[in-house]
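The values are calculated or read from the model by the stated rules, or taken from the named source; none is laboratory data. Nothing here was measured: the structure is a model prediction, and the numbers come from that model. Please note: Cβ atoms are built from the backbone with ideal geometry, for glycine as well, and neighbour counts cover all protein chains shown. Side chains included, ligands, DNA and RNA excluded: accessible areas come from the protein's heavy atoms. Shrake-Rupley method; radii C 1.70, N 1.55, O 1.52, S 1.80 Å.
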Amino acid sequence: YRGIPLQTAYCGAKHAIQGFNEALRTELLHERSGIRNTMVQMPAVNTPQFSWVLSRLPHQAQPVPPIYQPEVAARGVVYAAAHPERREYWVGGSTAATLIANAVVPGLLDRYLARTGFKSQQTSAPRDPDQPVNLWEPADADRDFGAHGIFDDKSSPRSYQLKASHHHGLVAAVSGALLAGLATTAGALWRKATR
């Protein structure tokens, strides 16, 4: 849903997958198929890609904070695969905030990313000119980089938003009850104050 600076090819590929998924969903619905598909919208994840991406940036590339551990993303995907009834799932509070902002004030988000998107995707450390490059051939042919990148100390191992998303019916019911309680209390206080 949201393109960001310095990742034009990556964002273009993600938008293509989004369009493919939406087209496939409508075709399956048209056929009244029992097959369901869902999308999982991801936050910034601490993967090894930032240690082998071809970069011409002056500093070490990093995911846009806040950064989540790969296990958070994996939990979101596993849950979505087991519960494909929903159109999509959002992983991470930053994903929810970005998608909502993009739907409500996309122009403002454009300006915000133009101002912050370049610096937020780089650390203060200079880029290692000898880091492996995964563009023309696998960077991990002789070495397994694992699932974690170099940002373990900056990455969150959990997402409260993801937990809430897994129980969105319960969250909606509790939120509705709280709002109803607040409205009732406010109404009682208003009546008392105006007597």
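Structural remarks
- Remark on the stretch 26-151: ratio of C-alpha radius of gyration to 2.2 N^0.38 Å is 1.29.
- Maximal additional length on extending the Gln49-Ala183 stretch stands at 43.4 nm, based on 0.36 nm per residue less the C-alpha distance.
- Surface accessible to a 1.4 Å probe, per residue, for the residues of the chain, Å²: 66
- Under 5 Å between amide hydrogens, built in the peptide plane, is the criterion, and for Ala44 it picks out Tyr68 among residues at least 5 positions away or on other chains.
- Sum of -39500 (n - 2.57) over DSSP H runs of 4+, divided by residues of the chain (222 nm, nearest 500): -15500 deg cm²/dmol
- J(HN,Hα) series, the stretch 152-161, from Karplus relation 6.51 cos²θ - 1.76 cosθ + 1.60, nearest Hz, glycine and proline x: 4, 6, 10, 10, 8, x, 8, 9, 5, 4
- Square roots of 5 times each gyration tensor eigenvalue, C-alpha, the stretch 1-97, largest first, Å: 29, 16, 10
- On full extension, the segment bounded by Ala16 and Ala173 gains 53.0 nm, given 0.36 nm per residue less the C-alpha separation.
- Nearest-ten-degree value, helix 70-82 long axis tilted from longest Cα axis of the chain: 60
- Built amide H within the under 5 Å cut-off of Met39, gap 5+: Glu88, Tyr89
- Ordering of 63-72, 148-157 by burial proxy (mean other Cβ atoms within 10 Å per residue, highest first): 63-72, 148-157
- Pairs of Cα atoms nearer than 8 Å and 6+ residues apart set the relative contact order; for the chain it is 30 percent.
- Backbone phi angles across the stretch 139-150, fed through the Karplus curve with coefficients 6.51, -1.76 and 1.60 (θ = phi - 60°), yield HN-Hα couplings of 7, 10, 5, 10, 8, 8, 7, x, 9, 8, x, 8 Hz in residue order; Gly and Pro are listed as x.
- Across the accessible surface of the chain, with the other protein chains kept in place and a 1.4 Å probe, carbon and sulfur atoms take up 63 percent.
- Applied to the stretch 97-112, the Karplus parametrisation 6.51 cos²θ - 1.76 cosθ + 1.60 on θ = phi - 60° returns per-residue 3J(HN,Hα) values of 4, 5, 5, 5, 4, 5, 6, 9, 9, x, x, 5, 5, 4, 5, 4 Hz, with x for Gly and Pro.
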